[in-house]
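Before any comments, here is the structure.
The values are calculated or read from the model by the stated rules, or taken from the named source; none is laboratory data. This structure is a prediction, so every number in the text was calculated from the model and none was measured. Neighbour counts are summed over all protein chains in view; Cβ atoms, including those assigned to glycine, are modelled from backbone coordinates with ideal geometry. When the accessible area is computed, the model is the full protein with side chains, heavy atoms only, and any ligands, DNA or RNA have been set aside. Shrake-Rupley method; radii C 1.70, N 1.55, O 1.52, S 1.80 Å.
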Amino acid sequence: THLILYCCFKRMKRTIIKLQETDSTNKYLRGLQEESTADMIVVTADYQTAGRGQGANGWESEAGKNLLFSLRIHPAMVSVSEQFLLSMAGGLALHETLQMYADGFTLKWPNDVYWRDYKVSGTLIETTVAHGGLQSCIFGVGIDVNQRTFHSDAPNPMSLCTIIGHEIDRERLLEQVLIAFEKYYGMLCSGDYSTVISLYHEALYRKNGFYKYRDAEGSFEAEIVKVKPDGHLVLRDRQGMMRSYAFKEVEFILN
């Protein structure tokens, strides 16, 4: 069962589909025919039976407690080589929204949202390339909102209600995220890449100082230099050597 809502904000026409349960909102959205005239299609679910994170990671979520949604756009203006700009914009939207509720949120590369050393939100991004350009981009977002206990082996989950001490209206939170997303996506549409890049770096987890990391060669200490538009994380180790990593090539060692 689902309810379809139509609305328009800042010239972006939205379609929102609300599901009680699905295996994955990303999978549901991938299977949806491109018949809508909306600039953005959003699918939410109270429960996902097969929600997942990056790679083979699962995503634990108690039914009806958290915000689980996927969002599809058609970012033809962003080149394939710079598609990480979309991840930056999406991360900034989540970061800005959560900062409305409490201080201390940061963006952990590539696109998790952390509160201190705890993970509150994760995003799985899937892009489709056709004729040398980006045809579509799906953001699959999970935000721990009102869940108070976690039972998976995830090392550091934290919910928004645990941080601020009371439950949050998930529909209002979704609307706040979508408004923020339209703002940062609008920056990309207008070609203002530099602002998005600058704000992303300003919001980064561990943006200043040396911390422990681990790669295929072992553990080391390094500081963040930058994140490239292609998504590579550039670190400088204690010896002054620059190290560049793609997704999953380096691990943050948490306290």
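Worth pointing out:
- 0 to 90° range, to nearest 10: angle between helix 84-99 axis and the chain longest Cα axis: 80 degrees
- Carbon + sulfur, % of accessible area of the stretch 107-255 - ligands and nucleic acids excluded, 1.4 Å: 48 percent
- Helical contribution to [θ] at 222 nm, DSSP H n ≥ 4, -39,500 (n - 2.57), averaged over the chain, rounded to 500: -7000 deg cm²/dmol
- Computed over the chain, the percent of Cα pairs more than 29 Å apart is 29.
- Accessible area in square angstrom per residue, the stretch 169-208, 1.4 angstrom probe: 45 Å²
- Peptides 70-81, 110-121 ranked from most to least packed, by the mean per-residue count of other Cβ atoms within 10 Å: 110-121, 70-81.
- Cα-based helix-to-principal-axis angle, 193-202 vs the chain, degrees rounded to 10: 60 degrees
- Kirkwood-Stokes translational diffusion coefficient of the stretch 94-212, alpha-carbon pairs, 4 °C, 1.567 mPa s, µm²/s: 82 µm²/s
- Across the chain, the mean sequence separation of Cα contacts (distance under 8 Å, 6 or more residues apart), normalised by length, yields a relative contact order of 16 percent.
- Pairs beyond 22 Å (Cα-Cα), from Lys13/Lys108; Lys13/Lys226; Lys108/Lys248; Lys27/Lys228; Lys18/Lys108; Lys119/Lys248: Lys13/Lys108; Lys13/Lys226; Lys27/Lys228; Lys18/Lys108
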